[in-house]
């Protein structure tokens with residue numbers, strides 16, 4: 001979720017019912033070597049006073065750098081815990097031996113978890129995949145290492161690194177991790193509806209669900225999951241609610257980063273918010289050619305009457 005789970009988006013997800021949120025990935029080396037006035041890292045690590053439980057997500061392949069980064073991040077006093085990313089399948093992350101590449105080097109993964117645990121008094125979690133490929137699924141082994149090193153919980157995405165995001169997430173593989181350890185296990189993968197979340201919990205026995213791609217353009221998913229788990233019926237947002245949320249998101253982004261950056265960064269979000277609405281393709285193309293948020297707001301407001309959902 002790099003480039004997505006920034007402060008404005010996290011706030012909306014929290015308001016919609018997310019119990020906890022996670023920052024974008026922060027490179028331990030990059031953070032430690034960046035100039036103190038680096039705007040990039042200021043934005044990556046910025047939080048709002050009204051955010052309740054934000055985990056900071058770090059990645060790297062050097063235990064000493066992970067330790068130093070964890071200690072420095074704790075000193076900021078902004079985060080409820082530190083999450084070590086050992087699940088990212090992106091080549092630019094795992095090419096250096098970080099992210100999901102650590103599934104292939106369990107001893108190094110152990111050293112990184114140990115270094116993080118010793119460096120901070122905050123809760124520490126790790127996110128992994130089921131393994132590197134189908135022939136080397138070792139998530140349960142990595143989970144046992146995490147438990148032995150004193151980590152507080154583990155999140156499992158139910159795919160191997162080689163799957164990337166193709167195929168289906170394996171609830172059975174996540175359930176095997178849950179059986180292997182006593183610390184909490186969070187299930188992740190293919191949660192695009194409230195019923196997906198309930199089914200994943202039931203099939204894995206997990207202690208919680210992490211929602212990623214399913215929230216793109218649909219932060220309302222969190223409230224729908226909360227409603228279903230409480231015995232209620234998930235409510236589908238009206239087009240009016242979707243539009244007002246998207247425009248609020250844009251306003252928050254502009255207030256945070258400035259209008260020019262907001263126009264550029266919101267293009268992907270508007271595409272996701274408009275998904276499934278009649279005429280969305282034409283609107284997306286028009287928005288991508290606009291340079292001011294006033295233009296975008298005017299277009300969406302004027303076009304609102306035609307933005308009816310194609311499916312109920």
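The values are calculated or read from the model by the stated rules, or taken from the named source; none is laboratory data. Keep in mind that this is a model prediction, so the values were computed, not measured. A quick note on method: Cβ atoms are made from the backbone with ideal geometry, for glycine too, and the neighbour counts reach across all protein chains shown.
With respect to residue 19, determine if the residue is over 18 Å from the mean Cα position of the chain (by Cα), surrounded by fewer than 18 Cβ atoms within 10 Å (Cβ to Cβ) and not assigned by TED's automatic domain parsing to the domain that holds residue 265. Spelling it out, it is not the case that residue 19 is over 18 Å from the mean Cα position of the chain (by Cα), surrounded by fewer than 18 Cβ atoms within 10 Å (Cβ to Cβ) and not assigned by TED's automatic domain parsing to the domain that holds residue 265.
Could you tell me whether residue 64 is without any contact (Cβ under 8 Å) to a residue 40 or more places away in the chain, assigned by TED's automatic domain parsing to the domain that holds residue 29 and surrounded by fewer than 24 Cβ atoms within 10 Å (Cβ to Cβ)?
Working: without any contact (Cβ under 8 Å) to a residue 40 or more places away in the chain: no; assigned by TED's automatic domain parsing to the domain that holds residue 29: yes; surrounded by fewer than 24 Cβ atoms within 10 Å (Cβ to Cβ): yes.
Answer is no for this residue.
Taking the conditions exactly as written (more than 19 Å from residue 99 (Cα to Cα), in contact (Cβ under 8 Å) with a residue 40 or more places away in the chain and in contact with a helix residue (DSSP H, G or I) (Cβ under 6 Å, 6 or more places away or on another chain)), does residue 130 satisfy them or not? Working first, answer last.
Numbers: more than 19 Å from residue 99 (Cα to Cα): no; in contact (Cβ under 8 Å) with a residue 40 or more places away in the chain: yes; in contact with a helix residue (DSSP H, G or I) (Cβ under 6 Å, 6 or more places away or on another chain): yes.
Judged against the criteria, residue 130 is not a match.
Taken over segment 207-222, the residue count meeting the criterion of being free of Cβ contacts under 8 Å to residues at least 60 places away in the same chain and touching a helix residue (DSSP H, G or I) at 6+ places or on another chain (Cβ under 6 Å) is 3.
Out of the residues in segment 243-264 that are in contact (Cβ under 8 Å) with a residue 60 or more places away in the chain and within 18 Å of residue 4 (Cβ to Cβ), which is surrounded by the most Cβ atoms within 10 Å (Cβ to Cβ)? Quick ask: steps written out before the conclusion?
Applying the first criterion (in contact (Cβ under 8 Å) with a residue 60 or more places away in the chain) to segment 243-264 yields 243, 245, 248-249, 252-253, 256-257.
Then keep just the ones that are within 18 Å of residue 4 (Cβ to Cβ); that gives 245, 248-249, 252-253, 256-257.
Working: 245: 19, 248: 14, 249: 21, 252: 19, 253: 23, 256: 17, 257: 19.
In this case the residue turns out to be 253.
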